[in-house]
1. How much length, in nm to one decimal, is gained on full extension between Arg7 and Ala105, taken as 0.36 nm per residue of separation minus their Cα-Cα distance?
2. Along the charge dipole of segment 19-63, which of Val33, Thr53, Leu21 sits closest to the positive end, that is, farthest toward it, with unit charges on the beta carbon of Lys, Arg, Asp and Glu (+1, +1, -1, -1)?
3. In bins 5 Å wide, starting from 0, what share of all Cα pairs of segment 10-52 does each bin hold, as a percent?
4. Fewest Cβ neighbours within 10 Å first, please rank Arg56, Arg104, Arg32, Arg7 accordingly.
5. Pulled fully out, how much extra length does the chain show between Asp28 and Ala49, if you take 0.36 nm times their separation in residues and subtract their Cα-Cα distance?
Amino acid sequence: MPKFVERITAQTFASAASTALDIFVSGDSNARVAVDAGGKLTWGSGSGAGDVTLYRSAANALKTDDTFEGAAGLITLTTSGKPTGALADGAIAVDTTNKALYFRADSAWNASNALSLTDADGGDSAAWIRYQIAADGGANGASL
């Protein structure tokens, strides 16, 4: 088993896209993990080309062109009060003080803390109806 006792330094690559490190498992035809000189990480199965990447896209920003899954959840921002930061559209923020959820669209933060609403009469008045859907399918007497 490899054991590193000193720091590994590699210098003078032709470009940021040059491969700096490849990690294979015995019998693999392709690297399971590759790091290029620019710091981009690429993962694969070992039997084909890498298919998942993570890299620095700008100052203070990591990006993947693939799917990122947070098994225990994923929060992009927590704040006390309405968020003010200029994050990318699609960002989600949780206001822990007011128990509100915000999403970023059209370069603005939008509140999303209401239940689904629709006009009760099809749109002829200002009356609203709230829908509550029971997670138990109505087994405990809950109904729509």
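We did not get these values from a lab; they are worked out from the coordinates using the rules stated. Treat the numbers as computed from the prediction; the structure is a model and nothing was measured. FYI the Cβ positions are ideal-geometry reconstructions off the backbone, even for glycines, and counts take in every protein chain you see.
1. Working: separation 98, 0.36 × 98 = 35.28 nm, distance 4.41 nm.
The Arg7-Ala105 span can extend by a further 30.9 nm.
2. Thr53
3. 6, 26, 29, 19, 14, 6
4. Values: Arg56 12, Arg104 20, Arg32 16, Arg7 5.
The fewest-first ordering by Cβ neighbours comes to Arg7, Arg56, Arg32, Arg104.
5. Numbers: separation 21, 0.36 × 21 = 7.56 nm, distance 1.07 nm.
Extra length from Asp28 to Ala49 when fully extended: 6.5 nm.
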